[in-house]
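The values are calculated or read from the model by the stated rules, or taken from the named source; none is laboratory data. This one's a predicted model, so the numbers in the text were calculated from it and none came from an experiment. Don't worry about glycine lacking a Cβ; one is built from the backbone with ideal geometry, like all the others, and counts go over all protein chains shown. We work out accessible area using only protein heavy atoms, side chains counted, and drop any ligands, DNA or RNA first. Shrake-Rupley method; radii C 1.70, N 1.55, O 1.52, S 1.80 Å.
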Amino acid sequence: MRKVGFFRSIHVKFVIIYVLLLLVAMQIIGVYFVRQLEETLRTNFQTSLKERINLLAYNVVEEMEKDRTSEDPSVEDSIKKILRDFSAGDISEVRVIDARTLKILGTSDTNNQGIVGQRTTELRVKRSIVLEEEQSSILIDPQTGNRIWVLSTPIKSGKKVIGAIYLVAKIENVFAQMKTINGIFASGTAIALSITALLGILLAQTITRPIADMKKQALAMAKGNFSRKVKVYGNDEIGTLAITFNNLTKKLQEAQAMTEGERRKLSSVLSYMTDGVIATDRKGRVILINDPAAEMLDVSRETVLSQPIMALLGLSETYSFEELLEEKDSLILDYSTKNKPYILRANLSIIQKETGFVNGLITVLHDITEQEKINVERREFVANVSHELRTPLTTMRSYLEALAEGAWQDEEIAPNFLEVTRTETERMIRLVNDLLQLSKMDSTDYNLTKEWVNFVEFFDRIIDRFEMTKDQNVTLKRELPTHIILIEIDEDKLTQVLYNIISNAIKYSPEGGQITFSILEEEDRIIVSISDQGMGIPKENIGKIFERFYRVDKARSRKLGGTGLGLAIAKEMVNAHGGNIWAKSEEGKGTEISFSLPYDQQPEEDEWS
C-alpha cells in the first residue's frame with residue numbers, strides 16, 4: 001500500500017485545522033478588540049481635549065464680551081495670557097479666531113505669534129463658524145510625518161457665534177499605544193498558537209493512535225493475518241470503534257476459516273473427480289477448470305481462464321452463450337481424428353441467484369469414447385453374429401428344401417447335400433462354442449486353472465498333434481530351446497490359443513510352405529512366435545485382426561470354415577495370463593503371430609526345491 005503523504009496525514013490535518021481555527025478565532029477577536037480599543041483611546045483623547053477646549057471657550061467668551069477701559073489689557077493680550085498654558089503636553093497649538101473679522105486673536109505657539117491679527121485661511125474654521133458645529137480630522141504633519149488631530153469648534157455667546165477655537169493636537173501617541181498593543185497581541189497570539197499546536201499534537205495523538213492501530217490491523221487483515229487485536233484506549237466513540245473492529249476481525253477470521261474449509265472441500269472434490277468441471281461467469285468467461293477437464297481438452301488451466309467457454313469447447317460456430325444457457329439436453333463433443341476416436345459428453349447446469357438472475361454456467365465433461373466404442377462394437381457384434389448364423393442357416397434351408405422336393409432320391413446329389421448340411425451345422429456349432437467362450441471370458445466369474453508347466457514340452461506336443469493331422473503339404477519347423485522353461489499357465493486355455501493360431505497358419509499357407517515355431521526368453525517374459533509363408537495381411541489391417549469377426553479375406557475364410565473369432569479368443573486368453581499378443585506381416589510373404597507370457601527365472605530355487 002502506498003505511504004500517506006505528510007500533509008495528507010490525518011494527524012497533521014487535525015493539528016493544522018485545530019491551529020487554524022484558533023488563529024481565525026484570535027484574529028476575529030483581535031480585529032474587533034483592536035478596533036474598539038483604538039476607537040476608545042481616540043475618543044478618550046479627543047474628549048479630554050474637548051473638555052479643556054470648552055473650559056478655554058468659557059474663558060475666551062468672558063474676555064471677548066468684557067467691557068474694557070483704557071486701563072484694561074487688550075483682548076489679544078488677555079487671550080494670549082489664557083493660551084499660555086495650552087502649548088504643553090499633547091497640544092501643539094491653540095488659536096482663537098474672531099468670528100466677525102476672521103482675525104486670529106491669539107495662539108499658544110510662542111514661535112508663531114506673528115500670525116496674531118491676521119485673517120485665518122483655515123477652511124475648517126470658516127465652516128465651523130458658518131455651520132456652527134465642530135470640524136475635525138486626523139492629518140499627517142508634513143514636517144514630522146506623525147499624525148495630528150485638527151479641531152475647529154465655534155465659540156458661542158448664547159446662540160450667537162462670536163468666534164472659533166482652532167486646535168492642533170499630537171494624536172500619534174494614541175496610534176503608538178495601539179501599535180504596542182498590536183505587538184503584544186501578536187506575540188500573545190504566537191505564543192498561544194505554539195502552545196495550541198503542541199496541545200493539538202498531543203490531542204491528535206490520542207485520537208489518531210487508535211486509528212493508526214486500526215490501519216495496521218486492516219493492512220494485516222488484507223494480508224490474511226487475523227490474529228492481531230486493536231488496543232482499546234478508552235470508552236469513548238473511538239474505543240467503541242476499536243471494540244467493534246476487533247469483533248469484526250473475529251467474525252472475518254471465522255468466516256475466512258469457514259470459506260477456506262469450503263474451498264478446500266470444493267478443491268478436493270474437483271481434484272479427485274474423474275469428470276471434468278468448468279465454471280463460467282455470467283458472460284461465459286471461464287473462471288474455474290479442474291485438472292480432469294484441462295486434461296480432457298488438452299489445455300493449460302492458466303491459458304483458458306477468462307477465455308470464452310464457447311471457444312474452449314469449439315462451439316463458437318454452432319452456439320452462442322445465450323443459446324447454450326437454453327440448451328436442455330447434453331451436448332456430444334466429437335474431437336475424433338482419423339486415427340483416434342475421442343468423444344466427450346457435456347452436461348450443462350445454470351448457476352442462478354435467488355432472484356433468478358443467471359450468474360454463470362457449470363459444464364461437466366464425461367469421456368464417453370469407450371462407451372461409444374463399446375456401443376459400436378456391440379452393434380457390429382450383433383450384426384456379425386446375425387450374418388454368421390444366417391449364412392449357414394440359409395444354406396442349410398436351401399439344401400433341405402431341395403432334398404424335401406425329391407433330391408434325396410438322387411444317389412449322386414443327396415449325399416453331397418447332406419455333407420454340406422453337416423458341414424454348415426458343425427460350423428454353427430463352432431461359432432456358438434466360440435461365442436460361449438467369449439461370453440465366459442467377458443463375465444466377471446471367468447477364472448484360470450493355472451499349473452506349472454514345461455512350456456517347451458507343452459508347445460512341442462501341440463506341434464506334434466498338428467504334424468500328425470495336417471492334410472496340406474506344409475513343413476513345420478521348430479526353433480525351440482532344449483532346456484526346461486517353467487511357466488504357470490492354464491493348459492486348456494493356452495492349448496486353444498495355440499490351436500487357433502496354428503490352424504490359421506496352416507489354412508493360409510500355400511502348398512509346400514513352411515511354418516516356423518520359436519520361443520525367445522527375455523528377463524521377465526517369454527515370446528512365442530508362429531510364422532507362415534501365406535499371402536500376408538495388408539499393413540492397414542494388421543491392427544484389426546484381433547477384433548471379433550474380422551477377416552482379411554471373408555470369402556476365403558468362410559470357405560475354409562473360419563468363424564472370425566479365433567484370434568479374438570486368443571487375445572482374450574493371452575491377456576488373462578498377463579501377456580500381450582501382436583502380429584507382423586508383409587503382404588505376399590507371410591505373417592508372424594507372437595504372444596508373450598510372464599516368466600520368472602529362478603533356476604537355483606527350482607533345483608533346490
Within region 575-592, can one find any residue that is touching a Pro at 6+ places or on another chain (Cβ under 6 Å), open to solvent by 70 Å² or more (accessible area, probe 1.4 Å) and either closer than 27 Å to PHE455 by Cβ or modelled with pLDDT under 90 (or both)? yes
Here the residues within region 320-338 that are in contact (Cβ under 8 Å) with a residue 40 or more places away in the chain and part of a strand (DSSP E or B) are none
Checked GLU370, GLU317 against criteria (open to solvent by 40 Å² or more (accessible area, probe 1.4 Å) and not in a loop (DSSP other than H, G, I, E, B)); the one match is GLU370
Taking region 246-272 and keeping only residues that are of a type in the set (Gly, Ala, Ser) and more than 18 Å from the chain's Cα centre (by Cα), one is left with ALA255, ALA257, GLY261, SER268, SER271
Considering residues that are in contact (Cβ under 8 Å) with a residue 40 or more places away in the chain, surrounded by 22 or more Cβ atoms within 10 Å (Cβ to Cβ) and touching a helix residue (DSSP H, G or I) at 6+ places or on another chain (Cβ under 7 Å), the number found within region 105-125 is 1
Scanning region 323-339 residue by residue, those charged (D, E, K, R) and either surrounded by 10 or more Cβ atoms within 10 Å (Cβ to Cβ) or more than 20 Å from LYS283 (Cα to Cα) (or both) turn out to be GLU323, GLU326, GLU327, ASP329, ASP334, LYS338
### Test: residue in region 63-74 that is assigned to a helix (DSSP H, G or I) and either within 60 Å of the chain's Cα centre (by Cα) or without any contact (Cβ under 8 Å) to a residue 12 or more places away in the chain (or both)
no
Counting only residues that are touching a residue at least 60 places away in the same chain (Cβ under 8 Å) and open to solvent by 50 Å² or more (accessible area, probe 1.4 Å), region 28-41 contains a total of 2
Within region 252-284, the count of residues that are surrounded by fewer than 18 Cβ atoms within 10 Å (Cβ to Cβ) and touching a Pro at 6+ places or on another chain (Cβ under 7 Å) comes to 3
Residues of region 293-309 being open to solvent by less than 20 Å² (accessible area, probe 1.4 Å) and either assigned to a loop (DSSP other than H, G, I, E, B) or touching a residue at least 24 places away in the same chain (Cβ under 8 Å) (or both), in sequence order, are ALA293, ILE309
Cβ pairs under 7 Å, 6+ apart or interchain, first in region 406-419 and at pLDDT below 75, second among the aromatic types (Phe, Trp, Tyr) and open to solvent by 60 Å² or more (accessible area, probe 1.4 Å), ordered by first then second residue, are none
Screening LYS477, LYS539 for residues that are modelled with pLDDT under 85 and either under 21 Å from GLY588 (Cα atoms) or open to solvent by 20 Å² or more (accessible area, probe 1.4 Å) (or both) leaves only LYS539
Check your understanding: Among the residues of region 46-56, is any at pLDDT below 80, aliphatic (A, V, I, L, M) and either buried (at least 16 other Cβ atoms within 10 Å of the Cβ) or out of contact with any strand residue (DSSP E or B) (no Cβ under 8 Å at 6 or more places or on another chain) (or both)?
Key -> no
Here the qualifying pairs (Cβ atoms under 6 Å; residues six or more apart or on different chains; first in region 270-283 and part of a loop (DSSP other than H, G, I, E, B); second among the small types (Gly, Ala, Ser)) come out as ASP281/GLY360; ARG282/GLY360
Given (1) under 13 Å from VAL574 (Cα atoms); (2) without any contact (Cβ under 8 Å) to a residue 40 or more places away in the chain, VAL497 misses just (2)
Region 447-546: strands (runs of 3 or more DSSP E) wholly inside it with 1 or more residues that are more than 21 Å from SER596 (Cα to Cα) are 475-479, 514-521
Output for Cβ contacts, cut-off 6 Å, separation at least six or different chains, first residue open to solvent by 30 Å² or more (accessible area, probe 1.4 Å) in region 480-493, second of a type outside the set (Phe, Trp, Tyr) and at pLDDT 90 or above, reads LEU480/VAL456; LEU480/ILE519; ILE484/ASN454
Residues of region 504-536 being closer than 15 Å to ALA570 by Cα and open to solvent by less than 20 Å² (accessible area, probe 1.4 Å), in sequence order, are ALA505, ILE527, VAL528, SER529, ILE530
